[in-house]
Amino acid sequence: MSVNFIATSRLPTPWGVFNMHGFEELETGKDHVALSMGDIANGEPVLARVHSECLTGDALFSLRCDCGYQLQEALKRIAAEGRGVLLYLRQEGRGIGLLNKVKAYALQDAGADTVEANEALGFGADMREYSMCQPMLAHIGVQSVRLMTNNPRKVDALTQFGVTVVSREPIQTGMNPHNENYLATKAGKLGHMMDLDAFTQASDVEIERTK
Ligand SMILES: Nc1nc2c(ncn2[C@@H]2O[C@H](COP(=O)(O)OP(=O)(O)OP(=O)(O)O)[C@@H](O)[C@H]2O)c(=O)[nH]1
Ligand SMILES: [Zn+2]
């Protein structure tokens, strides 16, 4: 996928000030952003997260998944190193879109797991693609990454599309009673490498409110 670079701005966050780089996919018009911090163009491998949009988890505080927790954790780790990059990709619902994800959640409320729900709607378990990542990273000078992910298929897909992944760094956080089954399905059916005992839990206060 070719991308057009649009502009760079500052993005202050609770963990530090990032640079936000906006891109547009030429073929689809979809927009994506990269958040960066520090000297990412000096040739040293860059701590990186390739994060797929999850409106419910990233912005609406949903406890159904671990996305919002991973997003915060990635930004915190980058800020702690003072150097890194996060690609925020607009591939909501593993690529099926927001409203289809709401339909999938409705099927999950009735007993399906995350993979069965996608398949019942006529989609594959994971419809994302990563061809925009290499050109986005190249534009901001990143040559290789230490990728924060539990998903080995993401490492393979990025590698296939020309991104040099020198290592994988686990990012296990935000487990709570609402997403235990979801995380177990990711580990069991989607091949995520997760040690369910090593997860950081969402705080007791957050869980208490949802009983
Ligand atoms: N279709 C569908 N998409 C979901 C569901 N829960 C989360 N998502 C989407 O899944 C994407 C995140 O993918 P995950 O499978 O959680 O994790 P990953 O990106 O593959 O792997 P990590 O790098 O380890 O986080 C986001 O686009 C979410 O919107 C669900 O139940 N159904
Ligand atoms: Zn999510």
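Descriptive notes on the structure:
Quick grid of which residues meet (1) within 8 Å of ligand 1 (Cβ to nearest atom); (2) not polar (S, T, N, Q):
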position: Glu116; (1), (2): no, yes
position: Glu119; (1), (2): no, yes
position: Phe123; (1), (2): yes, yes
position: Glu129; (1), (2): no, yes
position: Cys133; (1), (2): no, yes
position: His139; (1), (2): no, yes
position: Val145; (1), (2): no, yes
position: Thr149; (1), (2): yes, no
position: Pro152; (1), (2): no, yes
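- Only residues that are modelled with pLDDT under 95 and under 17 Å from Ala138 (Cβ atoms) were counted across the range 10-54, and they come to 1.
- Residue that is surrounded by the most Cβ atoms within 10 Å (Cβ to Cβ), among those in the range 96-154 that are hydroxyl-bearing (Ser, Thr, Tyr) and within 16 Å of ligand 2 (Cβ to nearest atom): Thr114
- Residues satisfying the criterion are present in the range 11-32 (criterion: under 30 Å from Glu119 (Cα atoms), away from ligand 2 (no atom under 16 Å from the Cβ), hydroxyl-bearing (Ser, Thr, Tyr) and touching a residue at least 24 places away in the same chain (Cβ under 8 Å)).
- Against the numbered list (1) of a type in the set (A, V, I, L, M); (2) over 18 Å from Arg77 (Cβ atoms); (3) part of a loop (DSSP other than H, G, I, E, B), Val102 comes up short only at (3).
- Checklist (1) farther than 19 Å from Ser131 by Cα; (2) in contact with a Ser or Thr (Cβ under 8 Å, 6 or more places away or on another chain) applied to Leu47, failing item: (2)
Rundown of residues vs (1) modelled with pLDDT under 85; (2) aliphatic (A, V, I, L, M), yes/no style:
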{"site": "Met136", "(1), (2)": "no, yes"}
{"site": "Ala157", "(1), (2)": "no, yes"}
{"site": "Gln160", "(1), (2)": "no, no"}
{"site": "Val166", "(1), (2)": "no, yes"}
{"site": "Glu169", "(1), (2)": "no, no"}
{"site": "Met175", "(1), (2)": "no, yes"}
{"site": "Glu180", "(1), (2)": "no, no"}
{"site": "Asp197", "(1), (2)": "yes, no"}
{"site": "Lys211", "(1), (2)": "yes, no"}
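- Note on the range 21-68: residues that are assigned to a loop (DSSP other than H, G, I, E, B), of a type in the set (Asp, Glu) and away from ligand 1 (no atom under 16 Å from the Cβ) amount to 3.
- Taking the range 90-106 as the range and being within 9 Å of ligand 1 (Cβ to nearest atom) and aliphatic (A, V, I, L, M) as the test, the residues that pass are Ile96, Leu98, Ala104.
- Residue match in the range 84-94 (condition: surrounded by fewer than 16 Cβ atoms within 10 Å (Cβ to Cβ), in a helix (DSSP H, G or I) and not acidic (Asp, Glu)): no
- Taking every residue in the range 53-81 that is farther than 29 Å from Asp109 by Cβ and pairing it with any residue that is within 10 Å of ligand 1 (Cβ to nearest atom) and in a helix (DSSP H, G or I), at least 6 positions away or on another chain, yields no pair with a Cβ-Cβ distance below 9 Å.
- Among the conditions (1) out of contact with any Gly (no Cβ under 7 Å at 6 or more places or on another chain); (2) more than 11 Å from ligand 1 (Cβ to nearest atom); (3) part of a loop (DSSP other than H, G, I, E, B), the only one that Ala112 does not satisfy is (2).
- When Ser62, Ser52 are screened for being surrounded by fewer than 18 Cβ atoms within 10 Å (Cβ to Cβ) and among the polar types (S, T, N, Q), only Ser62 passes.
The values are calculated or read from the model by the stated rules, or taken from the named source; none is laboratory data. Predicted model, so just to flag it, every value in this text is computed and none were measured. In this analysis, Cβ positions are derived from the backbone assuming ideal geometry, glycine residues included, and neighbour counts consider all displayed protein chains.
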